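A.B. asks: Mind having a look at this structure? Questions to follow.
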Amino acid sequence: MQVQVRLFGGLTERAGGSRVQVELPEPATVADLRRALAEQHVALAALLPAVKIAVDLEVAGDEVALTPDREVALLPPVAGGAADRPRPRIVTGLTEPPLDITDALAGVAGPEVGGTAMFLGTVRDHAPDLDGIVGLDYSAYPEMAERVLADIAQEIADDHPAVTGIALLHAVGELDVGDHTILIVCAAAHRDPAFTACRDALERVKDRVPVWKRERTVDGAHRWVGLPQPTDATSGPAD
């Protein structure tokens, strides 16, 4: 398929115009567009690591799908920005268990990385007020959750400019005690920025991503975490 891409700032001079046509396979994502631009428009290839891609007026992550009718633009660093700052490597998404820790670490690795901070959530056998938990069931609003994860990754990249790689992965489905629930990875040249960004990313994911948790207990019962439990006064029919 043919996708028309708008150019701004110094990109127009390099490309010789304000728009370029790019041939992409179907289906295609922003990541596919980056590769195709480097191959089909050599004058832009060296600039792409510092360029953001907007889709329908919003900065988009590599996983965002493209179609011919979407408005796509390349955004060079804005005035006052760090033009020489490399674009962070970002890995986000929902996944069926088990979480692939090795792939996530590889996805944010690079020769400039001196420290990688990781948070790995695990299903435990109890809650603060409940023993005998045997597993958790995670469900999500998948389309929104994927988008929020990508948004948070971009926010972390903007708010923690020393970070060079970010992975935000959340498990969905049935998990048993000992299974991993969430993986947050932040890489940087030094350990302090990696630790700080990792904690910040975790708090944002826990607060904003539309994922819900149901606890299963050894007696076969279950309850949704965060949802008030029904009582005799609220669960029965109204008078």
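A.B. asks: For residues in the stretch 98-113 being of a type outside the set (A, V, I, L, M, F, W, C) and touching a strand residue (DSSP E or B) at 6+ places or on another chain (Cβ under 7 Å), which is nearest to Glu215 (Cα to Cα)?
C.D. replies: The qualifying residue nearest to Glu215 (Cα to Cα) is Pro98.
This table checks each residue for (1) crowded, with 22+ Cβ neighbours inside 10 Å; (2) in contact (Cβ under 8 Å) with a residue 60 or more places away in the chain.
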| site | (1), (2) |
| --- | --- |
| Phe119 | no, yes |
| Asp125 | no, no |
| Val163 | yes, yes |
| His170 | yes, yes |
| Thr181 | no, yes |
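A.B. asks: Which of (1) under 16 Å from the mean Cα position of the chain (by Cα); (2) assigned to a strand (DSSP E or B); (3) of a type outside the set (D, E, K, R) is the odd one out, the single condition Ala31 does not satisfy?
C.D. replies: Answer for Ala31: the failing condition is (2).
A.B. asks: Next up: When you scan the stretch 51-70, do you find a residue that is under 28 Å from Leu168 (Cβ atoms), at pLDDT below 90 and part of a helix (DSSP H, G or I), even just one?
C.D. replies: No: the stretch 51-70 contains no residue that is under 28 Å from Leu168 (Cβ atoms), at pLDDT below 90 and part of a helix (DSSP H, G or I).
A.B. asks: Where in the stretch 149-235 are there strands (runs of 3 or more DSSP E), lying fully within it, with 3 or more residues that are modelled with pLDDT of 95 or more and in contact with a helix residue (DSSP H, G or I) (Cβ under 6 Å, 6 or more places away or on another chain)?
C.D. replies: By residue number, 163-171, 180-188.
A.B. asks: So which residues in the stretch 96-113 are in contact (Cβ under 8 Å) with a residue 40 or more places away in the chain and assigned to a helix (DSSP H, G or I), if there are any at all?
C.D. replies: Correct list: Ile101, Ala104, Leu105, Gly107, Val108.
A.B. asks: Ok, one more. Out of the stretch 41-51, which residues are under 13 Å from Pro77 (Cβ atoms) and surrounded by 17 or more Cβ atoms within 10 Å (Cβ to Cβ)?
C.D. replies: Passing the criteria: Leu47, Leu48, Val51.
A.B. asks: Modelled with pLDDT of 95 or more and in contact with a Ser or Thr (Cβ under 6 Å, 6 or more places away or on another chain): which single residue out of Gly114, Gly135, Gly121 fits that description?
C.D. replies: Gly121
A.B. asks: For Ile133, state whether it is closer than 18 Å to Val211 by Cβ and not hydroxyl-bearing (Ser, Thr, Tyr).
C.D. replies: Yes; evaluated as a whole, the condition is true for this residue.
A.B. asks: Next question. Please give the number of the condition Val209 fails out of (1) touching a strand residue (DSSP E or B) at 6+ places or on another chain (Cβ under 7 Å); (2) among the hydrophobic types (A, V, I, L, M, F, W, C); (3) surrounded by fewer than 19 Cβ atoms within 10 Å (Cβ to Cβ).
C.D. replies: (3)
Okay, residues lined up against (1) within 22 Å of the chain's Cα centre (by Cα); (2) surrounded by fewer than 14 Cβ atoms within 10 Å (Cβ to Cβ); (3) within 24 Å of Val148 (Cβ to Cβ):
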site	(1), (2), (3)
Val5	no, no, no
Phe8	no, no, no
Leu11	no, no, no
Gly16	no, yes, no
Glu39	no, yes, no
Gly61	yes, no, yes
Ala73	yes, no, yes
Pro98	yes, yes, yes
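A.B. asks: Let me ask another. Anything in the stretch 188-215 that is over 21 Å from Leu105 (Cα atoms) and of a type outside the set (Phe, Trp, Tyr)? List them, or say none.
C.D. replies: Passing the criteria: Asp207, Arg208, Val209, Pro210, Val211, Lys213, Arg214, Glu215.
A.B. asks: Is there any pair linking a residue in the stretch 130-146 that is of a type in the set (Phe, Trp, Tyr) to one that is surrounded by fewer than 19 Cβ atoms within 10 Å (Cβ to Cβ) and part of a helix (DSSP H, G or I), with Cβ under 6 Å and at least six apart or on different chains, and which?
C.D. replies: Within 6 Å, no pair qualifies.
A.B. asks: Still on this model: Do we find that Gly93 is touching a helix residue (DSSP H, G or I) at 6+ places or on another chain (Cβ under 8 Å) and under 30 Å from Asp137 (Cα atoms) in this structure?
C.D. replies: Judged against the criteria, Gly93 is a match.
The values are calculated or read from the model by the stated rules, or taken from the named source; none is laboratory data. Here the structure is a predicted model, which is why all the values come from computation and not from measurement. Note that we place each Cβ from the backbone using ideal geometry, even for glycine, and neighbour counts take in every protein chain shown.
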